[in-house]
1. How do 315, 454 rank when sorted from fewest to most other Cβ atoms within 10 Å of their own Cβ?
2. What's the angle, to the nearest 10 degrees (0 to 90), between helix 201-211's Cα axis and the longest principal axis of the chain?
3. To test your reading of the geometry: what angle, between 0 and 90 degrees and rounded to tens, separates the Cα axis of helix 301-310 from the longest principal axis of the chain?
4. For the residues 58, 269, what sequence is obtained by ranking on other C-beta atoms within 10 Å, fewest first?
5. Can you give the calculated 222 nm mean residue ellipticity of the chain, where each DSSP H run of n ≥ 4 adds -39,500 (n - 2.57) and the sum is split over every residue, rounded to the nearest 500 deg cm²/dmol?
6. Considering only C-alpha atoms, what is the centroid distance from segment 28-79 to segment 389-454, in Å?
7. Report for the chain the percent antiparallel among DSSP-assigned beta bridges with both residues inside it, nearest 5.
8. Full-extension gain between residue 33 and residue 162, please, as 0.36 nm times their residue separation minus the C-alpha to C-alpha distance.
């Protein structure tokens, strides 16, 4: 039996006779004449009030309707006399689908995020996490909508790969060999060392050099032993690759993507945004609106380093040309100096992977990072090196096997073109969009060092 969800009933324009609604009990309170049940089915933040008269035949069930129980209610959707909601349901019958006992932990309020992570099978029922994951769903759809509207093709790149895109070596090994086995790699399942992917970029370039504009959107993995609020071992990435794009066009697409998602956020998740703005980050809506309304600032890495050195600030990590910008440096630029998202471009060649296009100065590559207030980097990208001789030099300098990457070099050997792309960390974008400060709270089941529950 298909029944209307609570979101659609609350959006009704007029009363409706004989409705059936199902959901989980948030609260129940009793009066002399009736029982009030707040019902929520996850379709929206708000609950639907059910008024069940004590004269109903089902009244004997009321004491068993505890927080967390699932129920089915039939009745009439009527105008609510109270001011908190437009409509409520006057029950004709209440049926318990699944009981809940007195040990249901979410009966109490005020649980910390740390505690909720320990009950990840129940935390989506809370207002905060339910709102986060509704936003996650809407934004995932908006990502596909953005690229499809611009004639991009969606490509499923492999999760199991033999290529280390980033060259950092922080990869999870995929093997069928017993632990401690002395077997040679060629005796393994794939006949060579294989890993969980850190990025779909290299394979994405294959399709960009055939279909012109493609994007991937899927899980990626990093075996980095980091316990910061911004890092997870499993996370999702949006990675477009575009033939005939240079760095300028790449930066423009990244900015347009962020703005499109924020516009969709305001259009489809207004209730959740109001909730986040009230209970998570009181400056969230103003900050997101500012991001939507203003063009992103752009600054070269060299000029960004000069700004940091001249800021007079004492940073935990010293600022020096040729060193990575740390989170504190990124947030200073976005939050304090520019007070808006900023795209930093032309990074030192020594800091970046082999595939980034070398600039004429010999010291930098055509790379870019998009930094946003509250988070720091959410997008990293570059123009890719399309010149075969320079790519081969970079591969040799990084100690990469020419044989293993022959297929990648072939893209430059057979009809090379300028091309570019970027990767957006989906969870980092969600942190920016919701104000939630820990990546573990914007992904359904967090995978971090020492934590991989069910």
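1. Fewest to most other Cβ atoms nearby, the residues stand as 454, 315.
2. Rounded to the nearest ten degrees, it is 80.
3. 70 degrees
4. 58, 269
5. Calculated from helices alone, the mean residue ellipticity at 222 nm is -8500 deg cm²/dmol.
6. Each part reduced to its Cα centre gives a spacing of 49 Å.
7. 90 percent
8. Contour length minus the Cα-Cα distance gives 39.6 nm.
Each reported figure results from applying straightforward, stated rules to the coordinates on display, with no laboratory input. No experiment lies behind these values; they were computed from the predicted model shown. Virtual Cβ from ideal backbone geometry, glycine too; neighbours counted across all protein chains shown.
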